[in-house]
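Here's the structure, in structure tokens; my notes come after.
The values are calculated or read from the model by the stated rules, or taken from the named source; none is laboratory data. Nothing here was measured: the structure is a model prediction, and the numbers come from that model. Note: ideal-geometry Cβ built from the backbone for every residue, glycine included; neighbour counts use all protein chains shown. Accessible surface areas use protein heavy atoms only, side chains included; no ligands, DNA or RNA. Shrake-Rupley method; radii C 1.70, N 1.55, O 1.52, S 1.80 Å.
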Amino acid sequence: MVLASADRARDLEVFCAVADSGSFSAAGRGLGLTPSAVSRTLDRIEIRLGARLLLRSTRALTLTAEGQAYLAAARRILADLDEAEQAIADQGAPRGRIRVSAALSHGRICIVPLLGEFVRRYPNILVDINLSDGLVDIAAGQADVAIRGGPMADTALTARRLSENGRTIVASPDYLARWGVPEAPEDLHNHNCLNFSFRRAEPVWPFRRDGVDYALKLRGAIEANSGDTLAQLALGGVGIARVGDFSLGHAIAEGRLIPLLEAFNPGDREVFHAVFVGGANMPARVRVFVDYLVERMSVKRDA
């Protein structure tokens, strides 16, 4: 009669315990079995295999060549079984560390505020978030999930759309009172235009007039690598900035920043994606984290 899978797995556990402890009694104590039950299990395995696995004497137990080969196989099978059971268990209660990479401004403003609810929902997941404008190599294992803005490169990675972001030209009431309100894009040449210090060698702002898109090279006294910083400078009356709407918060609604040249806004949008290694072996912690971001950021976008 063929043993049930559970019985054979138990036999493997008993054999490994005997090999590790060097005695039937010690193996039995660890497994809650009597020495005679352990001995019968070893006899059953050897009869089934038709091979001697242990040489038994009054002083010691010694593995035969067949026993050593069987021990290696048994350990591998038990490890695979543990891994499979853990993977199934994780589907119900995802656990472990998830490494997340996000840009400085977008991560601080849009991703970090969502983490509290996520860890309350999944208390067995540890979120390790790194905010940096440098790109990480997900395929090389530098992060589990990256939140990236802009067009997606042709890649084998999986990307899920999270949100999209418009851009607005803004200045503070104080700045406009001192330097005047630009009525047309060309007026910006006479203003301190605060620019990003990355992505393009020449600072260019896009505009649309009468359905025709064009761009102007504009310069100012300060450059920064984040829209959050540029928005802060604009709030301080330093100059005029063109930044992502998420960096503006409630500043426009509260009157602390004034939108400018909206009639010439080309309506360009920056799309943000969660990028990760997909497939059937994707860890459950990655799946639920990305699902959560899609859920929460879609609600924000539709609100």
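Answer yes or no: is there a residue in segment 235-243 that is out of contact with any His (no Cβ under 9 Å at 6 or more places or on another chain), under 28 Å from Thr158 (Cβ atoms), open to solvent by less than 60 Å² (accessible area, probe 1.4 Å) and charged (D, E, K, R). Before the answer, list the steps.
Of all residues in segment 235-243, those out of contact with any His (no Cβ under 9 Å at 6 or more places or on another chain) come to 235-238, 241-243.
Subsequent filtering for residues that are under 28 Å from Thr158 (Cβ atoms) retains none.
No.
Just need a number here: residues in segment 137-148 that are out of contact with any Gly (no Cβ under 8 Å at 6 or more places or on another chain) and surrounded by 16 or more Cβ atoms within 10 Å (Cβ to Cβ). Reasoning before the result, please.
Let us first name the residues in segment 137-148 that are out of contact with any Gly (no Cβ under 8 Å at 6 or more places or on another chain), namely 137-146, 148.
Then drop every residue that is not surrounded by 16 or more Cβ atoms within 10 Å (Cβ to Cβ), which leaves 138, 143-146, 148.
Selection size over segment 137-148: 6.
Residues in segment 231-256 that are in contact with a Gly (Cβ under 9 Å, 6 or more places away or on another chain) and hydrophobic (A, V, I, L, M, F, W, C): how many?
8
Provide a single number: the residues in segment 57-87 that are among the polar types (S, T, N, Q), modelled with pLDDT under 90 and in a loop (DSSP other than H, G, I, E, B).
2
Across segment 186-203, what is the total count of residues that are of a type in the set (A, V, I, L, M, F, W, C) and either at pLDDT below 90 or more than 26 Å from His250 (Cα to Cα) (or both)?
The number of residues fulfilling the criteria is 3.
Give the residues of segment 88-113 that are of a type in the set (A, V, I, L, M) and at pLDDT 85 or above, sorted by residue number.
Within segment 88-113, Ile98, Val100, Ala102, Ala103, Leu104, Ile109, Ile111, Val112 meet the criteria.
Would a scan of segment 211-234 turn up a residue that is touching a helix residue (DSSP H, G or I) at 6+ places or on another chain (Cβ under 6 Å), in a loop (DSSP other than H, G, I, E, B), at pLDDT 90 or above and not β-branched (Val, Ile, Thr)?
yes
Please work out which residue is farthest from Asp228 (Cα to Cα), limiting yourself to segment 118-143 and to residues that are in a strand (DSSP E or B) and of a type in the set (A, V, I, L, M, F, W, C). Give the derivation first.
Taking segment 118-143 as the starting set, the residues that turn out to be in a strand (DSSP E or B) are 125-131.
Still in the list and also of a type in the set (A, V, I, L, M, F, W, C): 125-127, 129, 131.
Numbers: Ile125: 29, Leu126: 27, Val127: 23, Ile129: 18, Leu131: 13 Å.
Residue satisfying both the conditions and the ranking: Ile125.
For (1) at pLDDT 90 or above; (2) more than 20 Å from Thr62 (Cβ to Cβ); (3) outside any helix (DSSP H, G or I), each residue gets a yes or a no:
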position	(1), (2), (3)
Val2	no, yes, yes
Ala9	no, yes, no
Glu13	yes, yes, no
Ala37	yes, yes, no
Arg44	yes, no, no
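Taking segment 26-49, which residues are open to solvent by less than 50 Å² (accessible area, probe 1.4 Å) and not charged (D, E, K, R)? Can you show your working first?
Pass one, segment 26-49, residues open to solvent by less than 50 Å² (accessible area, probe 1.4 Å): 26-28, 31, 37-39, 41-42, 45-46.
Result: Ala26, Ala27, Gly28, Leu31, Ala37, Val38, Ser39, Thr41, Leu42, Ile45.
Are any of the residues in segment 129-151 under 27 Å from Leu216 (Cα atoms), of a type in the set (Lys, Arg) and within 16 Å of the chain's Cα centre (by Cα)?
Checked segment 129-151: at least one residue is under 27 Å from Leu216 (Cα atoms), of a type in the set (Lys, Arg) and within 16 Å of the chain's Cα centre (by Cα).
If you check Ser163 against the conditions, is it under 26 Å from the mean Cα position of the chain (by Cα) and either surrounded by 15 or more Cβ atoms within 10 Å (Cβ to Cβ) or of a type in the set (Asp, Glu) (or both)?
yes
Please determine, by comparing only the residues of segment 214-234 that are touching a residue at least 12 places away in the same chain (Cβ under 8 Å) and surrounded by fewer than 18 Cβ atoms within 10 Å (Cβ to Cβ), which one is farthest from Ser197 (Cα to Cα).
Leu216
Between Gly267, Gly255, which is at pLDDT 95 or above, surrounded by fewer than 16 Cβ atoms within 10 Å (Cβ to Cβ) and more than 23 Å from the chain's Cα centre (by Cα)?
Details: Gly267 fails: at pLDDT 95 or above.
Step by step, each of Gly267, Gly255 is checked, and only Gly255 is at pLDDT 95 or above, surrounded by fewer than 16 Cβ atoms within 10 Å (Cβ to Cβ) and more than 23 Å from the chain's Cα centre (by Cα).
Give just the number: which of (1) open to solvent by 50 Å² or more (accessible area, probe 1.4 Å); (2) in contact (Cβ under 8 Å) with a residue 12 or more places away in the chain; (3) more than 22 Å from Pro259 (Cα to Cα) does Asp174 not satisfy?
Of everything listed in (1) open to solvent by 50 Å² or more (accessible area, probe 1.4 Å); (2) in contact (Cβ under 8 Å) with a residue 12 or more places away in the chain; (3) more than 22 Å from Pro259 (Cα to Cα), Asp174 misses just condition (3).
Within the set of pairs 6 or more residues apart or between chains, which connect a residue that is farther than 20 Å from Arg97 by Cα inside segment 133-160 to a residue that is part of a strand (DSSP E or B) and of a type in the set (D, E, K, R) with Cβ atoms less than 7 Å apart?
Gly149/Glu270; Gly150/Glu270
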